[in-house]
Amino acid sequence: MRSWVLFALVAAAAAGCGGVQKQQYEYEEDLYLALDGSAVVNVNASVPALVAMRGIDLNVDPHSRFDRERVRAFFEGPGATVTAVSWSRRYGRRFVHVGVAVSDVTALQRLAPFAWSSYRFDRTGDVFDYRQQVGASAARSVGDVGWDGTELVAFRLHLPSKIPFHNAPSRRIERGNILVWDQPLADRLQGAPVDIEVRMEPESILSRTLLLFGATIVAAFATLGGVVWWLSRRGRGQETSPQPAAGNRLQ
């Protein structure tokens, strides 16, 4: 009986672990957008995904030499600064990690890695509108690199202010004002479009938080000042109150 109970517990644990298994992302774009239109994009992608979808000329063999300069040159371009280039290995494939900073998010469409997207960022009335439409991939063949059909592609937006509207498929705003558009890798390879639309308020959460924090400090000091003033007034009142006459004290 104890053996069967142990077996059942192990099976239940295995099923639970399978249910919370981390999703396997083969390509991720994380875009950090500021209200002045500047942006930082962090790309985390397997070399086969970059070759297949963006057409970069790299060796997909995970044991080949990592060509850092080729990767950097691919992501460089007018108005863009490559801030970091590194690599790691998982799922039996090499992954590259690249950071790119631009002063104007719409300039990304002039860079080879992001040219599959069109970008628009402008103000309409009391909100900022951000639109990104991701089109066809390079659709290059990379052979058998170990993909099993469960791989995903993600486009994430990290936004600085309150979001009154968005069309993210999950309909949720993740922690820290993050929106996510997921897509199966197979669909992205075939060029299934991704349509991203967001509206943001013109006041950043950070500035609003700092303003609230400052107002709280001012209110605290004002309260403290009021208490000190009241205590000082009370003390002066006690010092100047008339003293009883000597004869009265004897009585």
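Here, each number is a calculation from the coordinates, and none is a lab measurement. What you are looking at is a predicted structure, and each value in this text was computed from that prediction instead of being measured. Glycine gets a Cβ as well: all are built from the backbone with ideal geometry, and neighbour counts include every protein chain shown.
Looking at the stretch 22-200, the DSSP beta bridges with both ends there are about 90 percent antiparallel. Estimated from the Cβ-Cβ distance and a Förster radius of 25 angstrom, the FRET efficiency linking residue 72 and residue 170 is about 0.15.
Across the options 137, 167, 31, the greatest Cα extent toward the positive end of the charge dipole of the stretch 22-200 (unit charges at beta carbon of Lys, Arg, Asp, Glu) belongs to 31.
Charges were assigned to the Cβ only: +1 to each Lys and Arg, -1 to each Asp and Glu. The resulting dipole of the stretch 22-200 about its Cα centre is roughly 280 debye. Ordering 24-33, 55-64 by mean Cβ neighbour count within 10 Å, with the highest value first, yields 24-33, 55-64.
Taking Lys and Arg as +1 and Asp and Glu as -1, the other residues whose beta-carbon sits under 10 Å from that of residue 57 total +1. Rounded to the nearest Hz, the phi-derived 3J(HN,Hα) couplings of the stretch 124-138 under the Karplus curve 6.51 cos²θ - 1.76 cosθ + 1.60 (θ = phi - 60°) are 10, x, 9, 9, 9, 9, 10, 10, 9, 10, 9, x, 5, 8, 5, where x marks glycine and proline.
With a Förster radius of 22 Å applied to the beta-carbon distance between residue 34 and residue 97, the computed FRET efficiency rounds to 0.55. In order along the stretch 93-103, the Karplus-derived 3J(HN,Hα) couplings, from 6.51 cos²θ - 1.76 cosθ + 1.60 at θ = phi - 60°, round to 10, 7, 10, 10, 10, 10, x, 10, 10, 9, 7 Hz, and Gly and Pro are given as x.
Ranked by how many other Cβ atoms sit within 10 Å of their own Cβ, fewest first, the residues 162, 22 fall in the order 22, 162. Among residues other than residue 164 whose Cβ falls under 10 Å from its Cβ, what is the net charge (Lys/Arg +1, Asp/Glu -1)? So the surrounding residues net to 0.
Restricting the calculation to Cα atoms, the stretch 22-200 yields a radius of gyration followed by a Dmax of 16.0, 53 Å. Where Lys and Arg each count +1 and Asp and Glu each count -1, what net charge lies around residue 199 among other residues with Cβ under 15 Å from its Cβ? Result for the local shell: -2.
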